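The values are calculated or read from the model by the stated rules, or taken from the named source; none is laboratory data. Remember, predicted model here, so these are calculated numbers, not experimental data. Cβ placement follows ideal geometry from the backbone for every residue including glycine, while neighbour counts extend to all protein chains displayed. What goes into the accessible areas is simple: the full protein's heavy atoms, side chains included, and nothing from ligands, DNA or RNA. Shrake-Rupley method; radii C 1.70, N 1.55, O 1.52, S 1.80 Å.
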Amino acid sequence: MLTIRPARTADLDALAGLAARLPSPTLPSGAWELERLLERSDDAFAAEIDFAGEEEYLLVAVDAADAVVGATLIVAAAGYPGADYSFRNETIVHASRELGVNHRIYALALSHELSGFTLLRPPVALPGTHAARVERALLQAALSLIADQSARFTEDLVAPLPGEVDATGESPFWSAVGSQFFGVSYREAERLALGKDRSFMAELMPHHPIYVPLLPEAAQAVLGQTRDAFMGAYALLSEEGFEGERFVDVFDGGPVFYAKRALARTVHCAQLRPLRIAPGDVAGAGECLLSNRELRHFRAVLGPAALEAGGCLSTAPAIAARLELIDMDEVRCVFA
């Protein structure tokens, strides 16, 4: 049984181990930074607010023994209180009727139109046969929380994924573009990229379009591509209805996915049902992600459940206990 809940201070060591094994923008690698993230997340879940601001919500996935096996992060408003920059893919037409020439050239334009949108960091899970299942449950749980606590988040969702790097860990895109204007290493650029306020980029990055055909082939090849470790997240976001072709990250050229909240599959296809706790096995049960619609005591459980003829959702007592729900409480459910 897999349960997703808000991260706790007691999860620090487990999350540090996860961050060490799986480098990702979701979890900082330093113990101090991770401890601060846990504090900010705890404050966000406890705060009484009615609009998206600087809050960060860290969710963890735990197994039946309550061991942490994965995590994901929701940033309520990207770049808050400043701007969040990305490159927008554009097509520029160069034409001459006299010469009979009509060329469509791809270009990258610096944009801050994604500023303030709710940002989803990619789910990470311990390697193993169930890693893909954990990542899917984490993404669905994050979307369920966003749907139920809509005042805390925006109608627009973005989900950037890290761009490709070469065998030495360097980004061909950064080498061709960002390093020409920033004069720092890619590792330092990665650190800067995780900051909340990326408005400093407006002072350093070019404001004129960057013509893609003029970039080195190595930089063009990785544009809009992500690393092997995040291909699972790439597929999950695509399945959820996110589009990843319009924007790329300014640092490494990785894809920046976008979706309207209401159109994400987990939000659009979810059902709100009264919960019925079955005394035994649930007949005709299918795997389902159930969430309890709470905030501070948010719980989502991946397990068997079935819709009854009367409209209730029946599931086992152990799942109801994990959800901290009793008979006939309302539950949000998304079937696989």
Two-site label geometry, MET231 and ALA336: point separation in nm, points 7 Å out along Cα→Cβ: 2.1 nm
Förster-model FRET efficiency, 51 Å R0, ASP166 and MET1, C-beta, rounded to 0.05: 0.80
Simple Cβ-charge dipole of the range 131-272, Lys/Arg +1 and Asp/Glu -1, about Cα centre, in debye nearest 20: 440 debye
Rounded to the nearest 20 debye, dipole of the chain from Cβ charges on Lys, Arg, Asp, Glu: 460 debye
Segment ALA64-GLN180, extension gain: residue separation times 0.36 nm, minus the distance between their alpha carbons: 36.8 nm
Extent along principal axes [Cα atoms of the chain; Å; largest to smallest]: 78, 48, 40
Accessible area of the range 200-336 belonging to carbon and sulfur atoms, whole % at 1.4 Å probe: 55 percent
Estimated inter-spin distance, LEU214 and ALA47, nm [label 7 Å along Cα→Cβ]: 4.2 nm
Dipole magnitude (debye, nearest 20) for the range 94-141, charges at Cβ of Lys, Arg, Asp, Glu: 160 debye
Per residue value of the accessible surface for the chain (all protein chains in place, 1.4 Å probe), Å²: 46 Å²
Burial order of peptide ranges 46-57, 109-120, 81-92 (average beta-carbon count within 10 Å, highest first): 109-120, 81-92, 46-57
Calculated FRET value between ILE92 and ILE326, using beta carbons and R₀ = 56 Å, to 0.05: 0.40
VAL248, VAL165, ranked by accessible area, largest first (probe 1.4 Å): VAL165, VAL248
Paramagnetic label zone (point 7 Å from Cα along Cα-to-C-beta, ARG8; backbone N under 14 Å) in the range 27-49: 42
Rg/Rh (Cα only; Kirkwood hydrodynamic radius) as it applies to the range 238-336: 1.12
Among VAL60, VAL101, ILE74 the positive-end extreme of the charge dipole of the range 43-104 (Cβ point charges): VAL101
Rounded to 10°, Cα long-axis angle of helix 12-21 versus longest principal axis of the chain: 50 degrees
Cα-projected label distance for LEU263 with ARG40, points at 7 Å along beta-carbon direction, nm: 2.9 nm
Cut-off 13 Å between beta-carbons: net charge of the residues surrounding ALA270, Lys and Arg +1, Asp and Glu -1: +2
MET205, MET1, reordered so the largest accessible area comes first (probe 1.4 Å): MET1, MET205
Top positive-direction residue, dipole computed over the chain with Cβ charges, set MET328, PHE181, CYS312: CYS312
